[in-house]
Every structure is written in structure tokens, then in C-alpha cells.
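Participant: Structure provided below as C-alpha cells; questions to follow.
The values are calculated or read from the model by the stated rules, or taken from the named source; none is laboratory data. The structure displayed is predicted, hence computed values, not measured ones. All Cβ positions, glycine included, derive from the backbone under ideal geometry; neighbour counts span all protein chains shown.
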Amino acid sequence: MKLSDLAAATFSTIENGSPDLEINAAAGLDLAMEGEVTFLANPRYTPRLAATRASAVFLGETAEAGRTDLAVLRTRDPYVAYTLALRAFHPEPALEPFRHPSAIVDETAEVDEKTELHANVVIGRNARIAAGVRIYPNAVIYDNVSIGENSIIHSGVAVREGCEIGSNCIIHNNSTIGSDGFGYSKDVEKHWLKIPQTGRVVLEDDVEIGANTAIDRASVGETLVKRGAKIDNLVQIGHSCTVDEDALICSQTGLAGSSVIGKRVILAGQVGIAGHLTVGDDAVLTAKSATSHDVEPGKVISGIPGFDNKEWLRSTAVYRKLGEIAKRLRDLEKRAAERPD
Amino acid sequence: MKLSDLAAATFSTIENGSPDLEINAAAGLDLAMEGEVTFLANPRYTPRLAATRASAVFLGETAEAGRTDLAVLRTRDPYVAYTLALRAFHPEPALEPFRHPSAIVDETAEVDEKTELHANVVIGRNARIAAGVRIYPNAVIYDNVSIGENSIIHSGVAVREGCEIGSNCIIHNNSTIGSDGFGYSKDVEKHWLKIPQTGRVVLEDDVEIGANTAIDRASVGETLVKRGAKIDNLVQIGHSCTVDEDALICSQTGLAGSSVIGKRVILAGQVGIAGHLTVGDDAVLTAKSATSHDVEPGKVISGIPGFDNKEWLRSTAVYRKLGEIAKRLRDLEKRAAERPD
Amino acid sequence: MKLSDLAAATFSTIENGSPDLEINAAAGLDLAMEGEVTFLANPRYTPRLAATRASAVFLGETAEAGRTDLAVLRTRDPYVAYTLALRAFHPEPALEPFRHPSAIVDETAEVDEKTELHANVVIGRNARIAAGVRIYPNAVIYDNVSIGENSIIHSGVAVREGCEIGSNCIIHNNSTIGSDGFGYSKDVEKHWLKIPQTGRVVLEDDVEIGANTAIDRASVGETLVKRGAKIDNLVQIGHSCTVDEDALICSQTGLAGSSVIGKRVILAGQVGIAGHLTVGDDAVLTAKSATSHDVEPGKVISGIPGFDNKEWLRSTAVYRKLGEIAKRLRDLEKRAAERPD
């Protein structure tokens, strides 16, 4: 790819270097080789620019290359430009429409011809599969499911009855979309009585779901993952939750039922969210924390149960010395007791 | 469904309203519409009865409707009656016995004719599948497995060699029943030497297992999940554990090996149970807690490691202020130091 | 098996008993029956030797049987000898090479004839499957994967494009090897922009992976699990991590991206490891702990965030009394305030 094409693909402008310079890959500062483009996002790494073997670099609005032999692509956000470059060098392979003879498609299903249906895929009654969709081997699409354009369903995925997958979604292997929510009432003999889970799951467009994740159908209505939300591996989304746009939910995090995760919220790894609560837009829960109450928009929360991250950092520092604190308290008490009032 | 039929199906008695009133759905107080039945379980919501659009309501033994235009079904437990109503309005679809031509059943397996074997199901040697069983696409039943009447196995489930599934069980998608326990000894070169896992898993009747859950076979003997226990998504049950009747294990909880979970125990989300211990009947571990010791029957435990829930609540309140506590202690020490004894 | 053969199989020497004594099973001290071998690893259980019904026992270098009617196999590590005995009594079933007619193997794949390819297995382009490999039903091997000799892939497993599995590996059901890492940059509209995940996963020889575990491919290069590492069920290994030789990672533990887990490290259940850090050789993180910093070799770490296990034990003891500590501090403050300086 010529530097000029790379600039166009990454919304950058050439500040230094020939537009015809050939660039064939993108890599980090230390790994990039001749003929490759790198990036500087963190000013801390500026000294490494002197040593990089890269032929070009994405720089933010104020950074300086300090070298004239390095092509400079000026851009608003070097990391985004780098991501766009990686995407340009590693495009999704083109769709190769086919239906493997072993794929089993119910006669009532509507499957666009421009799709890849790999070996042993099973598609149920009245399912609708749009153009550009790829369904990898042994994935199972239950009855009445719809899948929007260009979505990718990997092997072993189950999309349960009636669920809806938007366009440009990716669901990685062995994830389950739409299994029953975990709902029971206790009868007079203290046995659990299953509450029918009659709702479904809706994933809007541009949602990515990792591997081995489970998203439960709503008891009534919809469990909803909105446009652009990204969910990692081994995540639990309980029945009737809503995950709002551009939320990011890291691995092994779990949401109990009926909670609402706001726009652009980040839930780090192994977080726990209790039921029937709201995490406000742009809030962050750090790894392994949990909340059983609403979280205000924009707050950063840590701990079990979670509270303000800065206060939590203070508390954790003291916690390490808690044995000593207890001893100091005993010493003070002893002194106080030894002295008359 | 007529009100009189609904009353019969829910073990309720009509206190107000025509037995011929048509009821066609069940929903919560705020969502129920005309022609639907709702319920009042928590007295706190009594004022909402005035505004509900429902045509009928399940009330407990002492509650009052406060309206004469609302049919009243008197019942011992309104939530159970509501659950029974939902079940009456949403019955499991009737079995449609068939064996999809792509299903691969070993010739030594005994499969009742009144079963649903969906596409690409694989059933191994000497497996026994009872009447009423439904096995969804791409599920794999290894050799020597038995599955009892009316159980449902969803797509992607693996039931490993020799395991036994009772009657009326449900196993949701991509769960694994009977993978090897995690057992090794360390040889002289400090390499791990695999200990054969020669046992199996037994699920008794009425057990439900969520999606993407893993239950390990015993090293010797049985990993046992007893009648009526309910296990959520992404749960780990280690080798040789026993989960007793009507226990409820929420998502992402993990049991190490050889522990015993008592009757009606509730393990909330993301709980951790160490190996070789007993959680007594009716005990509760709240979300994200853990125990490495036995838990007495009926106790409510929180924290890592877990202790009495009420004391834990006090401790968490102080923990939030731990930075300030440390400062106050320093201040007292300073005052004490400044003053002669 | 004769006692003499058992001794040879377990690197033990007969100290007491006839070399021709028939031994047909191995079991624990309390469970072993006549004709079986047991072991004594922990001196605490020595008194039970008097009551065991076993016919033979593995003893360490200094232990005494205290009985003459019990055959004694002297060995360096009785638990290892017992494991070897179990392995001798429960050998892996012999390979039965076959390719089920429903297995779908791309014509460009190289599959050794001495393999078991079970029903509905799917093998992609240019895959290489070595002799002795068993692939159970409905497993999916994507394009360009290689699997080394004698490895076992259970049903529902996905091995994604380009990944490499060594020899003598076992991957249990429904695990995912090589799904995309969780990498995004945030564009100017605050939408997540997917970073191509162009690397792969390499499992070296003798690696065992539990059920429903997810190991992400590297963003660039390799996610690497080295020789002899053992990984339990429901574990998350993030992109570009390295798990070194003989590490042991228990159930529901998660590693964020680019971390390095040293040789023989033990991560107990539900541990969390943040990104871009190193856990030194032989370190241990106890259950439910987490670290966001490097851990020194050989350290035992607990807590969230983790610190020295012994100090943590002290802190947890005080934590249980934190409500009382706060009250005692208030009392001291009150006394101090009531008294003139």
C-alpha cells in the first residue's frame, strides 16, 4: 500500500515522506520493521522513535518525530489510525457464498444466497438469514431466529428460538444466545417451580460477543444488547438485562437479572452486577468489583461491595496493615487503661 | 382460559369475579392488561392494585383488593400461583417424535421411539434414551449414558461416557456433563502426572443446568446433583461433589472437588467453595463470597473468606472509611506521645 | 496384575509380600478392599494402616506398616506411585482408527490414517492431524490448524484458524482455542473499533485444557501455553499471554492480555490476573485473589489486590471484627476528648 493510500485509509495527512512510499504492515514501536508503519500514542515512549526501524509513524497533533528519515502521518488519534491501518492490512476475507451439502436448513427458513453456511450448520423453522452472513460449522440456529447482514456466527454457537441478531455482529465459538433465564418460585414443599422464560434476546448492530459467553432470554420481553456493545468471553448476562450502546464488558463478568448497563460503561474482568439496578453512562467498575446498588454516571467504582475507586485505593492500602493497626489500637487501649482518668 | 380453570390450575379459590371470566395471560402489576391476571406478593406494592389494568389478581390470605371490579383469586402463595398461571399459559410444546435422518445413533443404543432426535445429534454405544426425551441439534451423548423420561438436552451439550441424567431434567446449550476432574500428582521432575478420573456424574430427577456450565466426573464414584437442584450458567462443579436436593447455584459460582452442598442451600453469583467441605442445609452464601471451611446449616455467609452476613455488613461499612480510621489512630497516637505518662 | 509388575509400573520395590500376589485395583486407605493397593502419603493417617482391608500399600522411605499381613511397596513418593498404579489399572482405551462417514474433512487436510475421527467432525483446509489423534463428535478444526500425536479433542471443541496443538494434549468439551482477543480502540465518536487479532494460539506438548475454557489468539504473534501446563474448566486466557511449563490454572481463573505466568505457578480457583504483568516461577495465588502487579518468584499471594498470604490471613482476621475496632477507636477518642491535655 502506498503511503498516500494509507493516509486516506486512516484519515491522516502526510507531513513527511513520499506519497509513493510502500508500506506493507503495521506494528508497535519496538516490533515494526522497514516498510512498516508504527504509532506514538503515549508521549512517554517518544524516545523510542529514535530507534524504531519503521518507515513511517502516526503522530498526534503536537508530537515531533525528531528524524527526517521517518515518514510522518499526522492524525488526531494515532492509536485509532494504527487500528485503521491494521484493518487495512488485515481485511476480513471476502465472502465465498456456499451452502455445504451437510448444512441442514429447514424448508421454511429464508436464507439469502449470498451467505456462507458451513458444514453441519443447522437452521430451524422460519429463520431469516440476511446477505453476507457466515455461519461456521456445527452452529445451531433455532426456530424463528433472524440474523442481520454480514454477521458472523462461529462454530458451536447456539442462537435459541426467536432471538434476533443485528447486522455486522460477531459471535465467537460456543456462546449461547437465549438460553432460559434462571427463574423459579418456591412451592409449599420448598421445591423450585420453574417460571417460564417467554422472552428473547436482541443484539443490535455491531455487537461482538466472545467465546463461551451466555446471554439469557428475558422472562418476558427482551434481554437487549444495544448497538456497538462489546462483550468478552465467559460473560453471564442474566434475563431481562439491557446493555446500552458502546458498553464494554470484560471476561468472566456477570450480570444478574433485569439490570441496566449504561452507554460506554466499562465493566472490567470478573465484575459482578446484582439484579434490578442501573449503572449510569460512562461509569467504570474495576476488575473483580461488584455492586448491588445503582452506580452514578461517570463514577469509577471498586471493591465488594463497590465504592469510589480513590477511597478504595486508600482502604486497600490500610487493609494490608490491618494486623498492625489492631495491635496499635490495643497498645493505645492499654496505655489508656494504665492511666487514671 | 376461564377464571374457574385458572383457579383450578393454580390451587386458588375465586373470592370475587365470574367463574366464566376469560383470562388469557399473566403479567406483573404494572404490565398486566385487561383480560390478564396479576399478583400481589409484597404488601409494599398494595397501592399499585388501584391502578392495575389487570382483570384478576392473586392475593395471599390477608391482602385486600380494595376494588370490586377486579376478580380476586385467593391463594396461599401469590407468587407460586402466578408461576403456575404462567406455566398454564406457556406449556412446553408437545413432543413431536422424530429422528432426523442426520442423527447418528449407535446400533447398540436403546432409544425410545417417543423421542425427538434433532439434526446431527450423536448417540454412542449402549446409551439408553427414555420416552419423552428431546435432544437438540449437535448435542453429543457419549457411550453408556442414560437419560430419563422427558428430559431436554439442548444443542452443543456433551454428556460424557457413563453419566446418568434423571427424568424431567433440562440441560441448556453447550454445557458439559462429565469431563475429567482436575487431578494430578507431581512427579520427581515436578511435572504433573494425570490421575485417571474413573467416576461419573449423576443428575437425579428435576435438575436444571444452565448454559456453558461444566460438571466434572468423579475421580472415583460419583459427582452427584440430587433431585430438584437448579444450577445456572457458567458454573463449575468439581469432581466428586454432591449438590443436595433443591439447592440453587447461581451463575459463575465454582465448587472445588469433594464438597457437599446441603439441601435448599443458595449459592449466589460468583461464589467460591473450596474442596472437601460441607455447606449445611438451608445455608446461603451471598454473591462473590467464598468459604474454605464448613458452613453451619441455616447460616448466611458473606465475604472472602466468608463469615456471618450481619457482621460482614458492619465490616464493609467500616472498610469504606479505612483510610480515615488509620488517620484517626495516628492522631490518637500522636496525642498520647505528646503527653507524659 | 502381579505385585512384581505393579512394582515395576510404579518404580517401587517390594519390601514385604509375594511377588505373585494379585492386585487388581488402587484405592484410598478407607476404600481399598482385599486384592487392592492403597498408599500412605500423610503420616497423620498412619493409624488407619491398622484397619485398611487393602492387600498392599505404597509407603515412603521412612514409614512403617506395623503389620506383616500387608504387602509393602517402598517408593520415593507414595502418591505418585498410587497415581501410576491408577494409570496402570485404567489405561487409555486403545486407539481404534476410523473415520466416521459423516466426518467432513477438507481435501487439502493431511490426516494420518491412525486417527479416530468421530461423527460430524469438521476439519478445514490444510489442517494437519498426526497419528494417534482422537477427535470426538462435532468438534471443529478450522483451516491451517495442526494437531500433534496422540492428542485428544473432545466434542464441541473449536480450534480456530492457524492454531497449533502439540502432542499428548487433551482438550475437554466445548472449549475454544483461538477466538479473537478482546481488543478495540475508541474512535472520535466514542465507538469501539475492532483491532484485528492476527496471531494464533500455540499449545505445546502435554497440555490439558478443561471444559468450556476460552483461550484467545494473540493480537500479533502467539498466545502460548507451554509444555505440561494444566488448565481447568471455564478459564479465560487473554490474548498474547504466556503460560509457562507445568503451571496449574484452576477453574474460573482469568488472565487479561499479555501476562506471563511462570513455571510451576499455581493459580487457584477464580483468580484474576491483570494485563502486562509477570507472575514469577513457583508463585501461588490463592483462590479468589487477584493481582495487577508483578509477583515475585515463589511468593504466596492472597487478596484483592493480592499481597503476602500470611499478612493477608492476619488482615482477614481483623476484618471480621472491623465494626468492633471502629467502636473501640471511638471510645478511645471520646476518652481523649473528655480529658484536658
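Participant: Of the residues B:335, B:330, only one is more than 16 Å from residue A:304 (Cβ to Cβ), surrounded by fewer than 18 Cβ atoms within 10 Å (Cβ to Cβ) and either at the interface with another protein chain (Cβ under 7 Å from one of its Cβ atoms) or in contact with a strand residue (DSSP E or B) (Cβ under 7 Å, 6 or more places away or on another chain) (or both); which?
Facilitator: B:335
Participant: Separate question: Provide a single number: the residues in segment C:173-220 that are touching a Lys or Arg at 6+ places or on another chain (Cβ under 8 Å), surrounded by 19 or more Cβ atoms within 10 Å (Cβ to Cβ) and within 21 Å of residue C:150 (Cα to Cα).
Facilitator: Matching residues across segment C:173-220 total 9.
Participant: Among residues belonging to segment B:185-206 that are in a strand (DSSP E or B) and within 30 Å of the chain's Cα centre (by Cα), point out the one that is nearest to the other protein chains (Cβ to nearest Cβ).
Facilitator: Step one: of segment B:185-206, the residues in a strand (DSSP E or B) are B:185-186, B:192-194, B:200-203.
Adding the requirement that they be within 30 Å of the chain's Cα centre (by Cα) leaves B:200-203.
Working: B:200: 13, B:201: 12, B:202: 17, B:203: 15 Å.
Once the filter is applied, the top-ranked residue is B:201.
Participant: Can you pull out every residue in segment C:290-315 that is small (Gly, Ala, Ser) and closer than 27 Å to residue A:328 by Cα?
Facilitator: C:302, C:303, C:306, C:315
Participant: Sticking with this one: Mind checking which residues of segment C:285-300 are out of contact with any helix residue (DSSP H, G or I) (no Cβ under 6 Å at 6 or more places or on another chain), without any contact (Cβ under 8 Å) to a residue 24 or more places away in the chain and more than 20 Å from residue A:303 (Cα to Cα)?
Facilitator: C:294, C:295, C:296, C:298, C:299
Participant: Given the structure, is residue A:31 touching a Lys or Arg at 6+ places or on another chain (Cβ under 8 Å) and surrounded by 13 or more Cβ atoms within 10 Å (Cβ to Cβ)? Break it down stepwise before answering.
Facilitator: Values: touching a Lys or Arg at 6+ places or on another chain (Cβ under 8 Å): no; surrounded by 13 or more Cβ atoms within 10 Å (Cβ to Cβ): yes.
Spelling it out, it is not the case that residue A:31 is touching a Lys or Arg at 6+ places or on another chain (Cβ under 8 Å) and surrounded by 13 or more Cβ atoms within 10 Å (Cβ to Cβ).
Participant: So which of B:283, B:247 is crowded, with 21+ Cβ neighbours inside 10 Å, touching a Pro at 6+ places or on another chain (Cβ under 8 Å) and more than 13 Å from chain C (Cβ to nearest Cβ)?
Facilitator: Criteria check complete, one pass: B:283.
Participant: Quick one: in segment A:128-149, of everything that is under 18 Å from residue B:100 (Cα atoms) and in contact with an Asp or Glu (Cβ under 8 Å, 6 or more places away or on another chain), which residue is nearest to the other protein chains (Cβ to nearest Cβ)?
Facilitator: Step by step, filter segment A:128-149, then rank; the result is A:142.
Participant: With B:62, B:52 as the choices, which residue is surrounded by fewer than 22 Cβ atoms within 10 Å (Cβ to Cβ), polar (S, T, N, Q) and in a loop (DSSP other than H, G, I, E, B)?
Facilitator: Residue meeting the stated conditions: B:62.
Participant: Report, by residue number, each residue of segment A:152-166 that is under 23 Å from residue C:140 (Cα atoms) and surrounded by fewer than 24 Cβ atoms within 10 Å (Cβ to Cβ).
Facilitator: Answer for segment A:152-166, where residues must be under 23 Å from residue C:140 (Cα atoms) and surrounded by fewer than 24 Cβ atoms within 10 Å (Cβ to Cβ): just A:152.
Participant: I'm trying to understand the selection: among the residues of segment B:1-33, which are assigned to a loop (DSSP other than H, G, I, E, B) and within 14 Å of chain A (Cβ to nearest Cβ)? Let's see the steps before the verdict.
Facilitator: Taking segment B:1-33 first, the residues assigned to a loop (DSSP other than H, G, I, E, B) are B:1, B:10-12, B:17-21, B:23-24, B:27-33.
Passing the criteria: B:10, B:11, B:12, B:24, B:27, B:28, B:29, B:30, B:31, B:32, B:33.
Participant: Let me ask another. If you go through segment B:221-238 one residue at a time, do you hit one that is surrounded by 20 or more Cβ atoms within 10 Å (Cβ to Cβ), under 22 Å from residue B:160 (Cβ atoms) and out of contact with any strand residue (DSSP E or B) (no Cβ under 9 Å at 6 or more places or on another chain)?
Facilitator: no
Participant: Evaluate the following for residue B:291: is it surrounded by fewer than 22 Cβ atoms within 10 Å (Cβ to Cβ), of a type outside the set (Asp, Glu), more than 22 Å from residue A:194 (Cα to Cα) and in the same structural domain as residue B:154 (by TED's automatic domain parsing)?
Facilitator: When the stated conditions are applied, residue B:291 does not pass them.
Participant: On the given criteria, is residue A:152 within 12 Å of chain C (Cβ to nearest Cβ) and touching a residue at least 24 places away in the same chain (Cβ under 8 Å)?
Facilitator: So residue A:152 fails the test.
Participant: At pLDDT below 95, farther than 22 Å from residue B:158 by Cα and in contact with a strand residue (DSSP E or B) (Cβ under 8 Å, 6 or more places away or on another chain): does that describe residue B:68?
Facilitator: It is true that residue B:68 is at pLDDT below 95, farther than 22 Å from residue B:158 by Cα and in contact with a strand residue (DSSP E or B) (Cβ under 8 Å, 6 or more places away or on another chain).
Participant: So, one more: Pick from segment B:34-49 the residues that are in contact with a Leu (Cβ under 9 Å, 6 or more places away or on another chain) and assigned to a strand (DSSP E or B): which of them is surrounded by the fewest Cβ atoms within 10 Å (Cβ to Cβ)?
Facilitator: Here the residue is B:40.
Participant: If you don't mind, another one. Give the residues of segment A:65-93 that are in a loop (DSSP other than H, G, I, E, B) and either closer than 18 Å to residue C:192 by Cα or within 30 Å of the chain's Cα centre (by Cα) (or both), sorted by residue number.
Facilitator: Result: A:75, A:76, A:77, A:90, A:91, A:92, A:93.
Participant: What pairs come out if I take residues in segment A:212-231 that are without any contact (Cβ under 8 Å) to a residue 24 or more places away in the chain and within 14 Å of chain B (Cβ to nearest Cβ) and pair them with residues that are part of a loop (DSSP other than H, G, I, E, B) and buried (at least 24 other Cβ atoms within 10 Å of the Cβ) whose C-beta lies under 8 Å away, six or more apart or interchain?
Facilitator: A:220/A:240; A:221/A:240; A:222/A:240
Participant: Residue check: is residue A:310 touching a residue at least 12 places away in the same chain (Cβ under 8 Å) and either more than 25 Å from residue A:179 (Cβ to Cβ) or not in a helix (DSSP H, G or I) (or both)?
Facilitator: Values: touching a residue at least 12 places away in the same chain (Cβ under 8 Å): no; either more than 25 Å from residue A:179 (Cβ to Cβ) or not in a helix (DSSP H, G or I) (or both): yes.
In short, no.
Participant: Hey, any hits in segment C:191-209 for a residue that's closer than 23 Å to residue A:121 by Cα, aliphatic (A, V, I, L, M) and touching a strand residue (DSSP E or B) at 6+ places or on another chain (Cβ under 7 Å)?
Facilitator: No, the conditions are met nowhere in segment C:191-209.
Participant: Scan segment B:294-307 and give yes if some residue there is buried (at least 19 other Cβ atoms within 10 Å of the Cβ), in contact with a Pro (Cβ under 9 Å, 6 or more places away or on another chain) and either at positive phi or away from chain A (no Cβ under 14 Å) (or both), otherwise no.
Facilitator: So far as segment B:294-307 goes, no, none of its residues is buried (at least 19 other Cβ atoms within 10 Å of the Cβ), in contact with a Pro (Cβ under 9 Å, 6 or more places away or on another chain) and either at positive phi or away from chain A (no Cβ under 14 Å) (or both).
Participant: Consider segment C:1-24. How many of its residues are touching an Asp or Glu at 6+ places or on another chain (Cβ under 8 Å) and either surrounded by 20 or more Cβ atoms within 10 Å (Cβ to Cβ) or under 9 Å from residue C:73 (Cα atoms) (or both)?
Facilitator: Within segment C:1-24, residues that are touching an Asp or Glu at 6+ places or on another chain (Cβ under 8 Å) and either surrounded by 20 or more Cβ atoms within 10 Å (Cβ to Cβ) or under 9 Å from residue C:73 (Cα atoms) (or both) number 2.
Participant: For residues that are touching a residue at least 60 places away in the same chain (Cβ under 8 Å) and crowded, with 20+ Cβ neighbours inside 10 Å, scanning just segment B:83-114, find the one that is nearest to the other protein chains (Cβ to nearest Cβ).
Facilitator: B:86
Participant: Shifting gears a bit: Exactly one condition in (1) over 30 Å from residue B:210 (Cα atoms); (2) in contact with an Asp or Glu (Cβ under 6 Å, 6 or more places away or on another chain) is false for residue A:282; which is it?
Facilitator: (2)
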